[in-house]
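In what follows, a single structure is set out as structure tokens and then discussed.
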Amino acid sequence: MMPEITIRLFQHGDANSFRDLNEAWISKFFRLEEQDSLQLAQSENILRAGGQIIMAVAGEDRIGCCALVFIKSGVFEVAKMAVSESYQGRGVGRKLLEYTIAQAKALGADTLELVTNSKLANAIHLYESFGFRHLPPDRVEPSPYARANVFMELHLPPGPITQA
């Protein structure tokens, strides 16, 4: 029997899991880049700058994560979303993203941005199901990630979160 999965905010002791979960998926599909290393080595900087890290936990195991990186007033980047391979396909990513969006609203966000890669079709589909829209090329800001080739944003209406 599988332990219950809970979604919660980052706690003391989560930093290594945040790093390990992200290094696993990035290394599987791409290569770790300088910006990855900076964010994953100093997760507390995300928190200190006004962002948030969300964790998915099954029993004592940290099985997923997602970060909200503060960009500017009202704007956050959804970043470093990962789910342990053994828990993929069980709705953990959906729960993480729903909680992350709710947390962004609580932090005063009206816009969420993200960058990803076209190889990650399941992730793109998940983002689209929550209303994220692809940005046209003329609205794309340069990314510190060489792998970034999909750029999306979500405008947060007031009220509860709904999926498209």
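The values are calculated or read from the model by the stated rules, or taken from the named source; none is laboratory data. As the structure is a computational prediction, the values presented were derived from the model and not from experiment. Glycine also receives a Cβ, built like all others from the backbone with ideal geometry; neighbour counts cover every protein chain displayed. These area figures cover heavy atoms from the full protein model, side chains too; ligands, DNA and RNA do not enter into them. Shrake-Rupley method; radii C 1.70, N 1.55, O 1.52, S 1.80 Å.
Of the listed requirements (1) open to solvent by 20 Å² or more (accessible area, probe 1.4 Å); (2) in contact with a strand residue (DSSP E or B) (Cβ under 6 Å, 6 or more places away or on another chain); (3) within 17 Å of residue 47 (Cα to Cα); (4) assigned to a loop (DSSP other than H, G, I, E, B), residue 108 misses just one: (2).
Just to be sure before I move on: is residue 101 outside any helix (DSSP H, G or I) and within 25 Å of residue 156 (Cα to Cα) in the structure I sent? The answer is no for residue 101.
For the range 59-101, the tally of residues that are open to solvent by less than 10 Å² (accessible area, probe 1.4 Å), more than 23 Å from residue 135 (Cα to Cα) and of a type outside the set (A, V, I, L, M, F, W, C) stands at 1.
Given the structure, is residue 54 modelled with pLDDT of 95 or more and not in a strand (DSSP E or B)? Taking the combined requirement at face value, the residue does not satisfy it. For the range 12-24, check the following and say yes or no: at least one residue is out of contact with any helix residue (DSSP H, G or I) (no Cβ under 7 Å at 6 or more places or on another chain), among the aliphatic types (A, V, I, L, M) and open to solvent by less than 40 Å² (accessible area, probe 1.4 Å). Checked against the condition, which is being out of contact with any helix residue (DSSP H, G or I) (no Cβ under 7 Å at 6 or more places or on another chain), among the aliphatic types (A, V, I, L, M) and open to solvent by less than 40 Å² (accessible area, probe 1.4 Å), the range 12-24 yields at least one hit. Going by the conditions given, is residue 118 surrounded by fewer than 16 Cβ atoms within 10 Å (Cβ to Cβ) and of a type outside the set (Phe, Trp, Tyr)? Taking the combined requirement at face value, the residue satisfies it. In contact (Cβ under 8 Å) with a residue 12 or more places away in the chain, among the basic types (Lys, Arg) and over 21 Å from residue 144 (Cβ atoms), is that true of residue 119? Criteria not met by residue 119.
Test residue 116 against the criterion of being touching a strand residue (DSSP E or B) at 6+ places or on another chain (Cβ under 9 Å), of a type in the set (Ser, Thr, Tyr) and farther than 15 Å from residue 54 by Cβ, and give yes or no. Reasoning before the result, please.
On the way: touching a strand residue (DSSP E or B) at 6+ places or on another chain (Cβ under 9 Å): yes; of a type in the set (Ser, Thr, Tyr): yes; farther than 15 Å from residue 54 by Cβ: yes.
Yes, satisfied.
Can you confirm whether residue 101 is free of Cβ contacts under 8 Å to residues at least 60 places away in the same chain and within 23 Å of residue 17 (Cβ to Cβ)? So residue 101 fails the test. Within the range 7-27, residues that are touching a residue at least 24 places away in the same chain (Cβ under 8 Å) and in a loop (DSSP other than H, G, I, E, B) reach partners that are open to solvent by 50 Å² or more (accessible area, probe 1.4 Å) and not hydrophobic (A, V, I, L, M, F, W, C) with beta carbons closer than 8 Å, at six or more positions or on different chains, in the pairs 14/62.
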